[in-house]
1. Long-range amide H contacts for SER102: which residues qualify at under 5 Å (H placed 1.01 Å from N, peptide plane, sequence gap of 5 or more or a different chain)?
2. Sort GLU179, GLU213 by Cβ crowding within 10 Å, fewest neighbours at the top.
3. On a full-extension model of 0.36 nm per residue, what is the gain between ASP130 and VAL205, subtracting their alpha-carbon distance, rounded to one decimal in nm?
4. Report the FRET efficiency, 1/(1 + (r/R0)^6), for LEU2 and SER59, where r is their Cβ-Cβ distance and R0 is 30 Å, rounded to 0.05.
5. Starting from segment 124-195, pick out the trypsin sites (Lys or Arg not before Pro) whose DSSP state is loop and whose Cβ has at most 10 other Cβ atoms within 10 Å.
6. If you keep only loop residues by DSSP, which trypsin sites (Lys or Arg not before Pro) in segment 1-110 have at most 15 other Cβ atoms within 10 Å of their Cβ?
7. Which of THR194, THR72 has the fewest other C-beta atoms within 10 Å, and how do the rest follow up to the most?
8. If each residue of separation counts as 0.36 nm, what is the full-extension length gain between MET186 and GLU25 once their alpha-carbon separation is subtracted?
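None of the figures in this text is laboratory data; all of them are computed from the coordinates on show. Because the structure is a prediction, the values reported are computed rather than measured. Because the Cβ atoms are built from the backbone with ideal geometry, glycine has one as well, and the counts that use them run over all protein chains shown.
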Amino acid sequence: MLIIIKVGGSVIRKDVDNLIREVPELIGNGHRVILVHGGGYFINELMERMGIKPKFVTSPSGVTSRYTDLETLRVYVMGMMYLNKDLVSRLQGVGVNAIGLSGLDAGLLRARRRESMIIIDERGRERVVDGGYTGKIESANRDFIMRLLNDGFTPVIAPIAMDNKTGSALNVDGDQALEVLSTSLMPNYAVILTDVDGVIVNGKVISRVNAAEAQGLFKNPEVRGGMKRKVYTAAQLAGRGIYTIISNGTIERPITSAINGLGTHVVPSSNS
């Protein structure tokens, strides 16, 4: 069984040890694992220490993302690769043959730089701004990842992509990286780990929805911030036939718990 896991920065910051301890158990049971990580909190901390103010923009659909100029890109690459190697060292420490990668390595994640983007400004109006060093991932190097998996490696992937035109680094969303990798590799499960038990509406976790219902959940005003992007990603993946779970990554055995029913399960129509 192939499981692709997106571990959010909130999990890394609070308690990633439970996930680290579970990965060798998953591999020992014959599963293959790919980890994609975030870490926006760490980038913010680095920028503040350097006297650089982080910039964020909001799209017309309500999704908030980092605005990446050249100065921000340099800090972003530095910070993400530090987190990447920290996760690799932790996994190696528990016997996992982990290999740390960015999307630049072997052209793993190829993206198109956004030349411009539409944002909602402080007055609530739509405005077009330069796209900076942000990209939309267009493809993944499936053969390279499969070769690594077949050779016994566990890939740990940072959300940095390669510009299709120039080869330069681009900031890409970690959930988008999960989406493209999952679409390319068609795992048994795509698991999005955060620091809450799933998508919460009216104080309760939404336990199971299909792709169409998840699209409606995306528009719910109670679904905000980073969770909005996660719901969108899960809806897209379920629409392509990939069973996707949004669950808590800070608990014991987070992946097994998610597969066994914890969290919000966004299922393909054939499973609903």
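1. Amide H neighbours of SER102, under 5 Å, 5+ apart: ALA158.
2. Working: GLU179 27, GLU213 16.
With the fewest neighbours first, GLU179, GLU213 line up as GLU213, GLU179.
3. Values: separation 75, 0.36 × 75 = 27.00 nm, distance 3.80 nm.
Roughly 23.2 nm would be gained on extension.
4. Numbers: r = 31 Å, r/R0 = 1.04.
Here the calculated transfer efficiency is 0.45.
5. ARG125, LYS165
6. Numbers: sites: LYS6, ARG13, LYS14, ARG21, ARG32, ARG49, LYS55, ARG66, ARG74, LYS85, ARG90, ARG110; in loops: LYS55.
For trypsin sites (Lys or Arg not before Pro) across segment 1-110 that sit outside H, G, I, E and B with at most 15 neighbouring Cβ atoms in 10 Å, the list reads LYS55.
7. THR72, THR194
8. Full-extension gain reported as 55.8 nm.
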